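J.: Can you read through this structure? Questions will come right after.
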Amino acid sequence: MARLAADVGEPEAAGICADLLGGADPRDHPATFPYFADLATEKFLAGTWGPEYWSRVWGARGLLYVWSDPVAPTVVHGLSDEAWRVAEMCLKVAARREIAAAGDGAVPLAGHELSRVRAAAMRLLGAVGDTEHVDTVELCLDDTDPEVRRHADRALRAMTRRLDLPRD
């Protein structure tokens, strides 16, 4: 992504990532897609490799490394993607970029069947969650997965500090 940003500029690189995340056909970006999938590019662009959602995952993943504020709504929208890998990557991006508007989108993902998605939702809520998200985090303190519980505990402590909540 650093090479893509150096070649086209960071706002343009982030825009390409957002286009892919938003569902653009990767064949619309033949010159830049190799920055995302290098060895798989030829097969992917020919439609002979991987599930169709991979380009959305790669677009979201690219936003971990390049950024421009106008793409934030695309990340928030990606939280409701039908493919869990896309939604999980959007949780990671939203946490890293501290996209406050993503808090509400993390709430349903806190109940996802996969613990890795629930844990990512806790990390996001710890970073940007507001008072209306505290109940969701508290519910995850009793999750069946210890990793989710650990992230919920960290999220609650972070929210308590950040939001100046009373400590129990």
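The values are calculated or read from the model by the stated rules, or taken from the named source; none is laboratory data. Everything numeric in this text was worked out from a predicted model, so none of it was measured. Here the Cβ positions follow ideal geometry from the backbone for every residue, glycine too, while neighbour counts run over all protein chains shown. Surface areas here come from the heavy atoms of the whole protein model, side chains and all, with no ligands, DNA or RNA. Shrake-Rupley method; radii C 1.70, N 1.55, O 1.52, S 1.80 Å.
J.: Kindly establish whether TYR35 is more than 25 Å from LEU109 (Cα to Cα), touching a residue at least 12 places away in the same chain (Cβ under 8 Å), open to solvent by 20 Å² or more (accessible area, probe 1.4 Å) and touching a helix residue (DSSP H, G or I) at 6+ places or on another chain (Cβ under 8 Å).
T.: Answer is yes for this residue.
J.: Now a separate question. Is at least one residue of segment 21-29 touching a helix residue (DSSP H, G or I) at 6+ places or on another chain (Cβ under 7 Å), surrounded by 20 or more Cβ atoms within 10 Å (Cβ to Cβ), more than 30 Å from THR131 (Cβ to Cβ) and at pLDDT below 95?
T.: Yes.
J.: Right, another one. Filtering segment 78-90 down to residues that are open to solvent by 40 Å² or more (accessible area, probe 1.4 Å) and touching a helix residue (DSSP H, G or I) at 6+ places or on another chain (Cβ under 6 Å), which residue is nearest to GLY50 (Cα to Cα)?
T.: As a first pass, look at segment 78-90 and keep what is open to solvent by 40 Å² or more (accessible area, probe 1.4 Å): 80, 82, 84-85.
Now drop any that are not touching a helix residue (DSSP H, G or I) at 6+ places or on another chain (Cβ under 6 Å), which leaves 84-85.
Values: TRP84: 15, ARG85: 13 Å.
Per the criteria, the residue is ARG85.
J.: Do you know which of the residues in segment 36-57 that are within 18 Å of GLU88 (Cβ to Cβ) and in a helix (DSSP H, G or I) is modelled with the lowest pLDDT?
T.: PHE36
J.: What helices (runs of 4 or more DSSP H) completely inside segment 58-163 contain at least 1 residues that are farther than 30 Å from VAL8 by Cβ and in contact with an Asp or Glu (Cβ under 8 Å, 6 or more places away or on another chain)?
T.: Those helices (runs of 4 or more DSSP H) span 103-109, 115-128, 146-163.
J.: Hey, among VAL75, VAL71, VAL57, VAL93, which residue is crowded, with 23+ Cβ neighbours inside 10 Å, within 10 Å of the chain's Cα centre (by Cα) and over 30 Å from ASP164 (Cβ atoms)?
T.: Of the residues listed, the single one that is crowded, with 23+ Cβ neighbours inside 10 Å, within 10 Å of the chain's Cα centre (by Cα) and over 30 Å from ASP164 (Cβ atoms) is VAL57.
J.: Given LEU139, LEU124, which one is closer than 16 Å to MET159 by Cα, out of contact with any Lys or Arg (no Cβ under 7 Å at 6 or more places or on another chain) and buried (at least 22 other Cβ atoms within 10 Å of the Cβ)? Don't jump to the end; show me each part of the working.
T.: Working: LEU139 fails: buried (at least 22 other Cβ atoms within 10 Å of the Cβ).
Of LEU139, LEU124, the one residue that is closer than 16 Å to MET159 by Cα, out of contact with any Lys or Arg (no Cβ under 7 Å at 6 or more places or on another chain) and buried (at least 22 other Cβ atoms within 10 Å of the Cβ) is LEU124.
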